[in-house]
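Written out below as structure tokens is the structure these notes cover.
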Amino acid sequence: LFVGGGYDGSATPTTGNTVLVINVTNGDIVRQFNSSSDPITDMNYPIPSNVIVVENDDGYVDKVYVGDLGGQMWRLGGVTANDIQNFNENINDWTAQVFFKTDSGNSRKFFYPPSITLEKGFDMVFMGTGNREESCCNNRNNLCSFTESDIIAAVKETHSSTPILGVGGTDLVDVTDPTATPPDLTTDDGWYIRLVDDIDQAVGEKVLAENVVFYKTLYITTFLPNEDPCAPGGDSKLYALSYLTGQPVLNFDGDSSNNRSVTIGGGIPSKPVFLLTKTGTRLLVSVGSSNPDPASPSTGAGIMNIQPLVPPINFFYKYWKEVF
């Protein structure tokens, strides 16, 4: 069992900056990754997030990823720099490294785990930042303790020993502007989108749930709080992005072009959940209040049913045989 150390909301946190590996049969601690018990530097921020485990077909864990409250995404494993295929699966030989930093000032926070896709020659790690403890803040209602925008990021992972830098660096392509030139992953290390208002660049929109990648599309929800500091609430939004470029892939409003996101209701949305059946594929997201429409005027809490991008043809095998 891999588990983060937990939450510490103090200005100078002293607890939670660890990852525990526990034997589930007896509760013994197999390994404890932190700056005290291991020669690990920079594990100075609490880790309240779940931990994502990556394993191959042999049933053994190859590596794990988890983010901290300093905007650092950690890789734990027995990996060799720039080698995406060979893993040391003996956890006693593992190390912990920061593989991605959202910014050099450690001003952003990871409360939720990333998603991983395994590509040819590299992996892709998808993540979003947002302060759960200040979920209703934005720089219009002056409730935030910081003024930096949160981000959605997709990072190319080659097991380099040098951390990739997000905002303020040159490793990732900033595609906040939908007309920006998309990244070329033969030379770029990925992309990011700053969650800012299109009109006045106001900040406050944040990622407060896990994300999912389905059919080459990153689906991720955000919460955009309203401007009134005395009235909590805001908009639930869903983003559907090309997983390698950050470009829009769905036409949410029926106009002549695709849209990156759509407002699906109010309150903090859940993570996207896929429902795959023989009659079709749907994307479900729960919201605190639904968008009223003529067919359904209710504005209470509900589950939004969304048509995702799906393959033009799907196969359902009725039988199979193996010939020797």
The range 11-24, subset surrounded by 10 or more Cβ atoms within 10 Å (Cβ to Cβ) and of a type in the set (S, T, N, Q), residue nearest to V51 (Cα to Cα): T18
Lone qualifier among N26, N50, N34 - being polar (S, T, N, Q) and in contact with a Ser or Thr (Cβ under 8 Å, 6 or more places away or on another chain): N34
Unique match (being open to solvent by 40 Å² or more (accessible area, probe 1.4 Å) and touching a Pro at 6+ places or on another chain (Cβ under 8 Å)) among P182, P178, P163: P178
Failed item in (1) under 20 Å from G121 (Cβ atoms); (2) open to solvent by 20 Å² or more (accessible area, probe 1.4 Å); (3) in a strand (DSSP E or B), with W191 passing the rest: (2)
Filtered residues of the range 115-160 (kept if hydroxyl-bearing (S, T, Y) and at pLDDT 95 or above): S115, T117, T129
Top-ranked residue of the range 64-82 - restricted to ones that are more than 9 Å from F110 (Cβ to Cβ) and of a type in the set (S, T, N, Q), ranked as least open to solvent (accessible area, probe 1.4 Å): T80
V207 being out of contact with any Lys or Arg (no Cβ under 8 Å at 6 or more places or on another chain), among the hydrophobic types (A, V, I, L, M, F, W, C) and open to solvent by 30 Å² or more (accessible area, probe 1.4 Å): no
Answer from V53, V61 - the residue that is open to solvent by 50 Å² or more (accessible area, probe 1.4 Å), at pLDDT 90 or above and of a type in the set (A, V, I, L, M): V53
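Rundown of residues vs (1) open to solvent by less than 40 Å² (accessible area, probe 1.4 Å); (2) over 25 Å from D62 (Cα atoms), yes/no style:
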| site | (1), (2) |
| --- | --- |
| K120 | no, no |
| M127 | yes, no |
| C136 | no, yes |
| E148 | no, yes |
| A154 | yes, no |
| E157 | yes, no |
| D171 | no, yes |
| D197 | no, yes |
Single unsatisfied condition, Y215 versus (1) open to solvent by 30 Å² or more (accessible area, probe 1.4 Å); (2) at negative phi: (2)
Test: residue in the range 25-39 that is buried (at least 16 other Cβ atoms within 10 Å of the Cβ), out of contact with any His (no Cβ under 6 Å at 6 or more places or on another chain) and more than 18 Å from V3 (Cβ to Cβ): no
Test: residue in the range 236-250 that is of a type in the set (D, E, K, R) and open to solvent by 40 Å² or more (accessible area, probe 1.4 Å): no
Subset of the range 218-235 (residues that are surrounded by 16 or more Cβ atoms within 10 Å (Cβ to Cβ) and either modelled with pLDDT of 95 or more or of a type outside the set (S, T, N, Q) (or both)): L218, Y219, I220, T221, T222, F223, L224, P225, G234, D235
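The values are calculated or read from the model by the stated rules, or taken from the named source; none is laboratory data. Being a predicted model, the structure only gives us computed values, none of them experimental. For neighbour counting, all protein chains shown are included, and Cβ atoms are generated from backbone atoms with ideal geometry for every residue, glycine included. Ligands, DNA and RNA are stripped out before the accessible areas are found, and what is left, the full protein with its side chains, is counted by its heavy atoms. Shrake-Rupley method; radii C 1.70, N 1.55, O 1.52, S 1.80 Å.
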